Every structure is written in C-alpha cells, then in structure tokens.
Amino acid sequence: MIKWIVPVLSCCFLPALLAGCATAGPSPLPTGAEAYAVIPEHVAASQAGEIIAPGDKLDIRVFGEPELSGDGYVVDNQGFIQVPLVGEIIASGQTARGLADELQRRLAARYLRNPSVTVALAERPLSTYTVEGDVTAPGVFAATPSTTLLTAMAQAKSPTKTARTNDVIVFRQINGQKAGGRFDLNAIRRGRSPDPQVLAGDTVVVVNSAAKSAWRDVLAALPLLNTFVLLRQN
C-alpha cells in the first residue's frame, strides 16, 4: 500500500553533487600594479617591433668572421637559434641589441678577442598571438599595434559563462624569459583598470571557474532532481 508521496528537493542532493568540485587556486603570477609592470597598457611601437619572436629570420654579422655571419638564422618555435661556436641560444623575447650583446659575451668568453656583433631583423612572418582556455572560439589571431586584452577577447568570441573573468592571464617572452600577469577583465570592461596591450607572440589564457561550472551542471540537472518518490509500506 502506498503510504505517502513526497517531493525530493534538489537542495538535498547539492552537497553530494558539489562535494567533488574544487575551485582552482589562484595563479602565482602578479596582479594589479605588478601585473601592469610586466604587461603594460602601452608598449612603444619601436619597442614592440624590436622584440624577436619565433619565426623571425635574423641577419647576424660578426666583424671579421664571415663564417659566423649570415641572414639565414631562423628563430625556431621554442624561441632558439643555432649559432656556430656559440651553439643554441634563446632569441625570442630579446631585442636585436640585447641578442647582439649576449652573442658578444659568449664569443668573447671562449673564442674571439673583442668581437663586434650586430643583429638585425631580416624577415618577419605574420605576427600572431594565441587565446586559450574557457573562451567560445580559442585560436591564433593576427596581432596589430592596437590589439589589447579586450580586443583579444572579442576575437575569441568572448569568455564562456563558466570562465573566471576576474583572473585572465597574459604570458609573454621578455629577454628570453617567460613572464606574465593576471588581469581582472570585469574591471577593465567597466573602465576601472587599464586595458593591457597584447603583442605578437603573447598567449592569453582564460581559466575555467570550477564553482561556476558546478552550478551550471546542477541547474541543468534540476528538472531530473525535482521528482516525486513513492514510498511503499511493505
């Protein structure tokens, strides 16, 4: 015989559904003013153009050493070039002057006396940046002098509903080292924080919010949870 009928409230199941969900911890990268010191709002056009990136072809000249000189030095996908005597050296993220100074130091340390080195950009492919993570259309996009974090988000068709928009990361190669900063996209959209410039070679990462994702799954499951259970007496 049926004793009674009770509705099963979805809230009874929420703790179990959310028990396994953990919100991702914050990145150790800098935020606020420290982030803008790494990834500034504006980069001088001359400075942006000087920064070496993967795919660039470099013209390297060592005075009096024709066997070390040439215009066929191509920066590989990892940011390195191979130079006779010196071997593998990081080029991406450096300026031409900075790379020339580094080559001079290495050549002077073991091989040449008072070497004179010049580096120039011989050829550059299409400049691009990458957007990854919780966006509608991640991919590789053309970088222009006017590209900012907001325009990068527009190119990627905006963050998804489960994105952690208050903690968007921009990675950049600076002097051969990978650096980055974390930015509050919500504050930038409201005009409360500057909109940082995105350069060729940058990678923008939009992190997923585990809490938002969990709630989205719960809301999708609500029609199934709000059912009636028949309790029978044996």
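Okay, here's what the table says:
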quantity: Per-residue Cβ neighbour rank within 10 angstrom, fewest leading, 116, 209, 146, 69; calculated: 146, 116, 69, 209
quantity: Residues 165, 160, 136, sorted so that the one with the fewest Cβ neighbours within 10 Å comes first; calculated: 136, 160, 165
quantity: 73, 111 arranged by Cβ crowding within 10 Å, fewest neighbours leading; calculated: 111, 73
quantity: Cα Rg over Rh - the stretch 82-142, Kirkwood; calculated: 1.20
quantity: Distance from the stretch 112-166 to the stretch 73-97 (C-alpha centre basis), Å; calculated: 20
quantity: At R0 = 35 Å, FRET efficiency that the Cβ-Cβ distance of residue 59 and residue 144 yields, to 0.05; calculated: 0.90
quantity: FRET efficiency estimate (nearest 0.05) - Cβ-Cβ, residue 109 to residue 151, R0 41 angstrom; calculated: 0.40
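Rule-based calculations on the coordinates, nothing more; no lab input. No experiment lies behind these values; they were computed from the predicted model shown. Glycine gets a Cβ as well: all are built from the backbone with ideal geometry, and neighbour counts include every protein chain shown.
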